[in-house]
Amino acid sequence: MGFWSDLFGGGKKQEPDAGTPGTEPPAAKAEGAPAPKPEPAPKPKPKPEPRKQQQQQEEDEDMEGVQRLLSRKVERVLEQLGALAARARTGEEVPSLTVTLHLAHGHSMTGEVVDYVPRESVLMALGKEGLLRSASVAYVDLTTVVAVSVGNADKLLDLAPLVRPNPTRQDLMSLMEKLPHAITEQFWPGEAALGGRPLRFEVDWVGLDDEPGRRALEAAMNVAGHALRALAQEQGREVLRRIITVRFIKGRDTRAAVEGETGTVTVAPGSADPTVSSFRKAFAAALR
């Protein structure tokens with residue numbers, strides 16, 4: 001019977017020997033499993049390249065000039081470009097401006113203004129295959145031009161009628177009187193006539209009486225005026241009893257602060273224009 005039992009599997013199953021290779025218990029396999037690899041630390045963000053920083057600075061400087069430009073009618077801009085072309089014909093060295101005329105029917109053309117006839121037409125030397133000038137010209141009916149795009153718009157700063165004039169010292173002294181008077185009259189009518197202490201602005205002109213200084217001072221005065229108005233509207237007109245004087249002085253950065261009844265606005269010519277929000281927060285922080 002032993003033969004038949006072995007043949008048909010009737011014998012007892014033999015338990016595997018614990019020492020036999022490849023027959024480790026499941027627990028042993030689990031203990032031998034490799035530990036998960038730690039996640040790599042996040043890579044630090046690369047610092048901006050010096051070239052990009054320089055490019056950003058140059059763009060900011062360009063925008064500082066562009067912000068001095070004034071909005072003008074299309075006809076007025078083309079008139080100035082035509083006058084520039086007339087000066088070039090006399091041999092004067094003038095900046096070369098590439099412009100794009102946008103027409104009422106949706107088309108556009110790019111080139112240089114060669115001539116301009118008021119209320120009638122514009123003569124354009126058309127650009128071709130990357131060239132600034134070509135032998136092709138276009139006579140454009142002025143009534144069809146709806147907009148003008150100017151490349152390298154900073155060159156427009158050479159056209160005085162298109163540029164906001166630099167404020168004079170007299171302009172700023174007038175602004176220094178008008179702004180605080182208008183704010184006082186808005187919230188405390190007749191304060192000066194009744195012998196009260198109206199808001200006043202003072203300027204330390206050291207370092208601010210040149211073109212960049214006056215432009216920065218003009219912006220700082222306007223922003224400070226808007227900030228004080230906003231603060232009085234939010235917290236009540238008593239604010240103007242607690243800030244009596246605002247002094248403007250030159251400094252390394254543009255900011256506002258208050259000490260006692262005097263607000264001090266530091267003006268940094270050449271820096272970015274201040275914001276109403278930043279000045280309002282600075283004035284409000286000192287009044288808490």
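The values are calculated or read from the model by the stated rules, or taken from the named source; none is laboratory data. Here the structure is a predicted model, which is why all the values come from computation and not from measurement. Cβ atoms come from the backbone with ideal geometry, glycine included; neighbour counts cover every protein chain shown. These area figures cover heavy atoms from the full protein model, side chains too; ligands, DNA and RNA do not enter into them. Shrake-Rupley method; radii C 1.70, N 1.55, O 1.52, S 1.80 Å.
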Can you pull out the residues in region 196-216 that are assigned to a loop (DSSP other than H, G, I, E, B) and in contact with a strand residue (DSSP E or B) (Cβ under 7 Å, 6 or more places away or on another chain)? Asp204, Val206, Gly207, Leu208
All strands (runs of 3 or more DSSP E) inside region 64-176 with 1 or more residues being touching a residue at least 60 places away in the same chain (Cβ under 8 Å): 145-150
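Report, by residue number, each residue of region 243-263 that is within 25 Å of Asn166 (Cβ to Cβ) and open to solvent by less than 50 Å² (accessible area, probe 1.4 Å).
Scanning region 243-263 gives Val246, Phe248, Ile249, Gly251, Thr254, Ala256.
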Qualifying position, being farther than 23 Å from Arg68 by Cα, open to solvent by 40 Å² or more (accessible area, probe 1.4 Å) and either in contact (Cβ under 8 Å) with a residue 24 or more places away in the chain or among the hydrophobic types (A, V, I, L, M, F, W, C) (or both), among Leu231, Leu199, Leu194, Leu240: Leu194
Does at least one position in region 240-248 carry a residue that is over 23 Å from Ser174 (Cβ atoms), assigned to a helix (DSSP H, G or I) and at pLDDT below 95? yes
It is to be established whether one or more residues within region 126-141 are closer than 30 Å to Asn166 by Cβ and either within 34 Å of the chain's Cα centre (by Cα) or loosely packed, with under 13 Cβ neighbours inside 10 Å (or both). no
Those residues of region 249-288 which are of a type outside the set (D, E, K, R), in a loop (DSSP other than H, G, I, E, B) and more than 25 Å from Pro189 (Cα to Cα) amount to Gly251, Thr254, Ala268, Pro269, Gly270, Ser271, Ala272, Pro274, Thr275
What are the residues in region 204-228 that are closer than 15 Å to Met176 by Cβ and open to solvent by less than 30 Å² (accessible area, probe 1.4 Å), if any? Leu208, Gly213, Ala216, Leu217, Ala219, Ala220, Met221, Val223, Ala224, Gly225, Leu228
Find the residue count for region 177-191, including only residues that are open to solvent by less than 50 Å² (accessible area, probe 1.4 Å), out of contact with any strand residue (DSSP E or B) (no Cβ under 8 Å at 6 or more places or on another chain) and assigned to a helix (DSSP H, G or I). 4
Of the residues in region 264-274, those that are open to solvent by less than 60 Å² (accessible area, probe 1.4 Å) and not aliphatic (A, V, I, L, M) come to Thr264, Thr266, Pro269, Gly270, Ser271, Pro274
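Of all residues being open to solvent by less than 50 Å² (accessible area, probe 1.4 Å) and aliphatic (A, V, I, L, M) in region 103-116, which is farthest from Val150 (Cα to Cα)? Just the residue, please. If you could, list the steps in order and put the result at the bottom.
Taking region 103-116 as the starting set, the residues that turn out to be open to solvent by less than 50 Å² (accessible area, probe 1.4 Å) are 103, 109, 111-113, 116.
Then drop every residue that is not aliphatic (A, V, I, L, M), which leaves 103, 109, 113.
Values: Leu103: 15, Met109: 12, Val113: 11 Å.
So, considering only residues that are open to solvent by less than 50 Å² (accessible area, probe 1.4 Å) and aliphatic (A, V, I, L, M), the one farthest from Val150 (Cα to Cα) is Leu103.
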